[in-house]
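Comments concern the structure below.
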Amino acid sequence: MIPWATRAVIFDLDGVLTDTAELHFQAWKRLADEEGLAFTREDNERLRGVSRHQSLEFLLQGRTVSEVEAEALMSRKNKYYQQMIRRLTPADLLPGVAPLLTELRQANLKIAIASASRNADEVIERLGIADQVDALGDGNSVERQRPAPDLLLHVARQLGVSPEQCVVVDDAAAGIEAALAAGMRVVGLGPASRVGNADIVLANLDGIHPEDILAMKSEK
Ligand code: MG
């Protein structure tokens with residue numbers, strides 16, 4: 001049974017619908033190698049859901065650069081990343097995502113995506129899910145990024161629903177915080193050490209049906 005109050009599910013993109021984290025890693029790694037900076041896969045975990053600018057700051061490990069240099073470094077990384085996302089196909093949807101989106105639509109729920117990425121529209125297009133998405137908020141939509149609630153509230157407004165009618169699915173601690181700050185219920189994907197503040201914690205969306213993510217009380 002889906003609680004009557006739920007009208008929309010807002011998915012994060014990277015780490016929830018697809019694993020672009022690996023492609024971000026390869027692009028940052030190439031830049032780091034070129035710049036003589038140490039950067040490991042473990043470091044990359046810290047960049048989950050983190051904006052491009054903040055990711056660069058982490059990569060620079062205290063090395064100061066001018067804003068002009070920072071822009072040049074970010075655009076070089078983005079060029080590498082964009083070369084990689086050209087190869088994305090519907091096969092890159094994470095397990096369980098395609099059937100879950102279909103079932104949500106069958107249950108008459110709105111589907112939205114809220115991502116910090118400025119490349120989100122291209123990624124969604126290549127994953128073949130653009131026509132299933134009722135609203136998209138991306139890295140260009142608002143000034144303040146997560147953990148601020150702004151992006152989620154922007155998406156809810158686009159959908160014409162109120163925050164308490166939304167359930168958010170995110171894999172990053174900042175995304176869980178943003179959902180709670182927006183007054184939305186939230187499903188965290190990943191270890192409790194990272195997403196333990198969510199209303200429901202799941203390993204991933206494999207084998208998950210609408211009732212698994214919507215059957216939670218509206219207040220903690
Ligand atoms: Mg994410």
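Quick notes
- With respect to the stated conditions, P147 fails to be open to solvent by 20 Å² or more (accessible area, probe 1.4 Å) and either out of contact with any helix residue (DSSP H, G or I) (no Cβ under 9 Å at 6 or more places or on another chain) or in a helix (DSSP H, G or I) (or both).
- Of all the residues in the stretch 55-81, those that are touching a residue at least 40 places away in the same chain (Cβ under 8 Å) and under 22 Å from T18 (Cα atoms) number 4.
- Count of residues meeting criterion [out of contact with any Asp or Glu (no Cβ under 9 Å at 6 or more places or on another chain), open to solvent by less than 30 Å² (accessible area, probe 1.4 Å) and part of a loop (DSSP other than H, G, I, E, B)] in the stretch 158-198: 1
- If only residues of the stretch 39-89 that are among the small types (G, A, S) and closer than 23 Å to N140 by Cβ are counted, the one that is nearest to the ligand (Cβ to nearest atom) is G49.
- Checked against (1) over 30 Å from G207 (Cα atoms); (2) assigned by TED's automatic domain parsing to the domain that holds A130, L104 passes all but a single condition, namely (1).
The values are calculated or read from the model by the stated rules, or taken from the named source; none is laboratory data. No experiment lies behind these values; they were computed from the predicted model shown. FYI the Cβ positions are ideal-geometry reconstructions off the backbone, even for glycines, and counts take in every protein chain you see. Remember, those area values only see protein heavy atoms, side chains included, never the ligands or the DNA or RNA. Shrake-Rupley method; radii C 1.70, N 1.55, O 1.52, S 1.80 Å.
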